[in-house]
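The values are calculated or read from the model by the stated rules, or taken from the named source; none is laboratory data. None of these values were measured; they are calculated from a predicted model. Cβ atoms come from the backbone with ideal geometry, glycine included; neighbour counts cover every protein chain shown.
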Amino acid sequence: MSFEPKTQAFNSSISSVTIGTGDKAVTLGGINVLPFYAFDAPITNAPKIGVEITDHGMAAYPQAGLQEFYAGCQTVADMAKRVETMHGASFICLHFEGADPNGDNRSVEECVEIAKSVADATDLPLVIMGCKNIEKDAELFTKVSEALQGKNILVFSAREENYKSVGASAVMAYGQKVGAESAVDINLAKQLNVLMTQLGVAPTSIVMNAGSAAAGYGYEYVASTLDRIRAAALAQSDTQLQMPILTPVSPETWSVKESMVSEADMPEWGSAEERGIEMEITTAAACLAGGSDAVIMRHPAAIKAISEMIEALV
């Protein structure tokens, strides 16, 4: 008697959210199976990888592999153009670290000019990541959304403290997409999605950021949250949890001690750059296996490895 596998495709599905325009536009979500369960049903939209570049430019990337890849780039826009050649890159995440009032306090006007230069330099979809300051991000997202109207960008992310201003401006006024960021808790994630939709933001304009952490740094909470969100969305048909998930991996993995401690301080740990790459690969793979529809990464070697993993599994 031959073996007949029992498939489990769900009646519910993850919403499709498209960012970018033209041939390079990217659709996140739109699947009705568990992560990489291609044997249950076709995975119409494979997971995507976004490449993080920051407003600090090359100064933020001292690693040899990054210096080599971006060699010759003088501006952030140059770096964005170079990303187009990176294996596995689907979109660009422009991270405005320098806008932080407790850091460089880069003005919103200067950030807008950088965002415009990046948008002019590449056809890849654009995600705008803020500096984690509630007030500064709300103003930044509004001004960038206005300046890039028609580009179908994703502002990443709105939180409970500023979702009204970000949702009303970025999505409802300027037609962009928005990330809904919560702190690694399924109930908080659902609550923010409810608040956003009650505000008038369409579910097809919302991408979730359900929280992130580097592998080994409380990642079990991230894993369980991703699992529960995906199960509720597909098995329980919870429409308020059916938005696709985008997880920012690189800001977490390149800021932990395993990636930052020098080889002089910890020679037994080996190459610092290799440690960072391995941390990024491990975390991104775990996020995608848990239910993320896209991850944001930094190092070309890590991105190539995850891209090959995706290609092998879908």
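Here are some notes:
- Ser259 satisfies every condition listed in (1) modelled with pLDDT of 95 or more; (2) assigned to a helix (DSSP H, G or I); (3) of a type in the set (Ser, Thr, Tyr) except (1).
- From the list Ile245, Ile206, the lone residue that is touching a Leu at 6+ places or on another chain (Cβ under 8 Å) and either modelled with pLDDT of 95 or more or under 15 Å from Asp293 (Cα atoms) (or both) is Ile245.
- Checked against the criterion of being modelled with pLDDT of 95 or more and either over 19 Å from the mean Cα position of the chain (by Cα) or among the hydroxyl-bearing types (Ser, Thr, Tyr) (or both), the candidates Glu181, Glu146, Glu135 yield just one match: Glu146.
- Asp137 fulfils the conditions (1) of a type in the set (Asp, Glu); (2) touching an Asp or Glu at 6+ places or on another chain (Cβ under 9 Å); (3) crowded, with 24+ Cβ neighbours inside 10 Å except for a single criterion, (2).
- Residue count for region 206-240 satisfying the condition of being part of a helix (DSSP H, G or I), over 15 Å from Ile31 (Cα atoms), touching a residue at least 12 places away in the same chain (Cβ under 8 Å) and of a type in the set (S, T, N, Q): 2.
- Residue satisfying condition, being among the acidic types (Asp, Glu), closer than 13 Å to Pro125 by Cα, at pLDDT 95 or above and in contact with a strand residue (DSSP E or B) (Cβ under 7 Å, 6 or more places away or on another chain), within set Glu52, Glu84: Glu52
- Pair list, Cβ < 8 Å and 6+ apart or interchain, from region 18-32 residues that are farther than 14 Å from Ser90 by Cα to residues that are aliphatic (A, V, I, L, M) and part of a helix (DSSP H, G or I): Asn32/Leu234
- Across region 4-25, the qualifying residues are those that are β-branched (Val, Ile, Thr) and surrounded by fewer than 18 Cβ atoms within 10 Å (Cβ to Cβ), and the one among them that is farthest from Gln176 (Cα to Cα) is Thr7.
- Unique residue being surrounded by fewer than 24 Cβ atoms within 10 Å (Cβ to Cβ), assigned to a helix (DSSP H, G or I) and under 20 Å from the mean Cα position of the chain (by Cα) when the list is Ala284, Ala301, Ala312: Ala301
- Residue within region 144-152 that is of a type in the set (Asp, Glu), farther than 24 Å from Val83 by Cα and surrounded by 24 or more Cβ atoms within 10 Å (Cβ to Cβ) present: no
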